[in-house]
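The values are calculated or read from the model by the stated rules, or taken from the named source; none is laboratory data. Values in this document were obtained by computation on a predicted structure and should not be read as measured data. With ideal geometry, Cβ positions are generated from the backbone for all residues, glycine too; neighbour counts draw on all protein chains shown.
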C-alpha cells in the first residue's frame, strides 16, 4: 500500500509526458505546414483578400462556438461518460450546425453590407458549409482527448493541412484570390473528419437523451458562456476594424493576429489539452494538485517568456524576409499582439487550474469583467487609429490576467506570490539575454542574416543560462527527451 502513491505519480507523469509529447508534435508539425502555406499566400494574395476572409472568420468563430456549446470540455471533465452521452452530443452538434448554416445563408447579404463588399455574399455562403463538416468530427476528437490518445488527432491535422495547403497554393497562384483560403478551410475540415472516423473505432448509437443533454449542458454551460465572451473579445476588434475602417486595414490586422496566434494558440492548446485532464483527475487531492500546478506554471513560464520575447525582437526581419515590404503595416500590430499573448497564455493556464477543479462559474464572471473592460477600451480608442485600438486590447489582457491570478489564488490555493515566484527566474533570464539581441541590428543590416543570428543567439544563450543555473525544468525536459531516445531496457 505504501508504494501506491508513488506508482500513481509515475503513471501520471508518464501519461502526462506522452500526451504532452504528441500534442507538441501535433502543434509543431501543423504550425510548420500552416506557416509554409501562409507565407506563400501572403506573398501572392493582397491585404484585401485576407480582409475578406477575416470578416467571414468573425461569424464562423461564433457559429463553431454554438455548435460545440461547451460540450467537448464537459465530456472531458465528466468522470463517467456513457455511450448515450457521446451519441447525444454528436447528434446535437450536427443539428445545430445545419440550423446555423441555414440562418447564416440568409444573413450573407447583411454581412456584405456591413463590410461594404458584395463579394462576401457568395464567399460566406460557401465558407459556412464548414460548420457541418466540423460538427461530424467534434465528438470523435473529444473521445480521443478524453482517453489522452492524441496520436490520431495529430496525424489527421498534419495530413489535412498538407492537402488543403497544397490546393490553396495552386488556386492562389492561378488567380483565385480569397477563394483559395475558402477551399483550404473546407478541405482541411473534410480530411480531418474523414481520418478521425477511419481510425477511431467509436460510432454513435441511434439514440438521443434529453437527460444526458441536460446533465452535460450543466457541466459545459459555464465553459460555453466563458468561451462566448472570450470569442466576443477576440473578434470584436476584427469587426470594428473591418466595418469602421476598411477591409485593407482588416487584412493587415488579420495577418498580424494570425501569425501571433500561431505561437500563442499552439502553446495554449499544447499546455491546456495536456494539463486539463491531469488537473481534473487530481481535483480531490489538493496537496498533489498544488504541486502539479506549481510545476506546470514553471514549465509554462520556461516556454513562453523566451519564445514570445524572441518573436517581438525578430518581428521586423521576420516579416520582411518572409512576406516582403507589402506587410510592413502589420509588424507593430504583430509585436503588440505577441506581448498580449504572454498574458493570454498565462490566463489560459490559470483558467485550466480553475476548470480542473470544476469552478467554471468563476471563469464566466471573469470573462464578463474582461468584456466590459474591452468595451470601455474600444469606446476610448475607437477613433485613435488601429494601433491605439490594439494597444487598448493589450492593456485589457494585462488587467484580466492580474484579476485571474488573484482569484485563482483564492480558489485553487496557489497564491499570486507563489505564482510570481515560480515565474521570476525565467522572466529575468529572458530579459537579460534579450539585451544583446536588441543590439544586433546596429552591426547587421541584412534582414535574413539578422533573423538567423538573433534566433540562434537567443536559443543558445537561453539554453546556456538555464544550464549553468541548474534549471530543474530544463533538467526534466532533457531527461525526458533522453528517455524517449534511449529507453531503459528492463
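Structure notes:
- Consider segment 48-57 and keep the residues that are surrounded by 23 or more Cβ atoms within 10 Å (Cβ to Cβ) and over 21 Å from the mean Cα position of the chain (by Cα). The one that is farthest from residue 120 (Cα to Cα) is 49.
- Whichever residue in segment 168-188 is assigned to a loop (DSSP other than H, G, I, E, B) and over 13 Å from residue 123 (Cβ atoms) and, among such residues, is modelled with the highest pLDDT: 174
- Checked against the criteria, residue 100 does not count as crowded, with 17+ Cβ neighbours inside 10 Å, on the phi < 0 side of the Ramachandran plot and either at pLDDT 90 or above or not assigned by TED's automatic domain parsing to the domain that holds residue 132 (or both).
- Residue 170 being over 19 Å from residue 71 (Cβ atoms) and crowded, with 16+ Cβ neighbours inside 10 Å: no
- Matching residues, segment 413-428, being buried (at least 20 other Cβ atoms within 10 Å of the Cβ) and assigned to a helix (DSSP H, G or I): 419, 422, 426
- Residue 144 buried (at least 19 other Cβ atoms within 10 Å of the Cβ) and under 22 Å from residue 85 (Cα atoms): yes
- Exactly one residue among 393, 335 is assigned to a helix (DSSP H, G or I) and either free of Cβ contacts under 8 Å to residues at least 60 places away in the same chain or outside the structural domain of residue 257 (by TED's automatic domain parsing) (or both), and that residue is 335.
- Restricting segment 189-223 to residues that are closer than 21 Å to residue 134 by Cα and out of contact with any helix residue (DSSP H, G or I) (no Cβ under 7 Å at 6 or more places or on another chain) leaves a set whose member that is modelled with the lowest pLDDT is 221.
- Looking at 403, 350, just one residue is surrounded by 21 or more Cβ atoms within 10 Å (Cβ to Cβ) and touching a helix residue (DSSP H, G or I) at 6+ places or on another chain (Cβ under 9 Å), and that residue is 350.
- The listed residues are 339, 343, 334, 302, and the only one of them that is under 17 Å from the mean Cα position of the chain (by Cα), crowded, with 23+ Cβ neighbours inside 10 Å and modelled with pLDDT of 85 or more turns out to be 334.
- Residues in segment 187-233 that are closer than 18 Å to residue 60 by Cα and surrounded by fewer than 17 Cβ atoms within 10 Å (Cβ to Cβ): none.
Here is a yes/no grid of residues against (1) more than 26 Å from residue 218 (Cα to Cα); (2) crowded, with 21+ Cβ neighbours inside 10 Å:
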residue: 82; (1), (2): no, no
residue: 86; (1), (2): no, yes
residue: 96; (1), (2): no, no
residue: 104; (1), (2): yes, yes
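- Any chance residue 68 is under 29 Å from residue 327 (Cα atoms), surrounded by 20 or more Cβ atoms within 10 Å (Cβ to Cβ) and under 26 Å from the mean Cα position of the chain (by Cα): no
- Flag if residue 193 is part of a helix (DSSP H, G or I), in the same structural domain as residue 66 (by TED's automatic domain parsing) and on the phi < 0 side of the Ramachandran plot: yes
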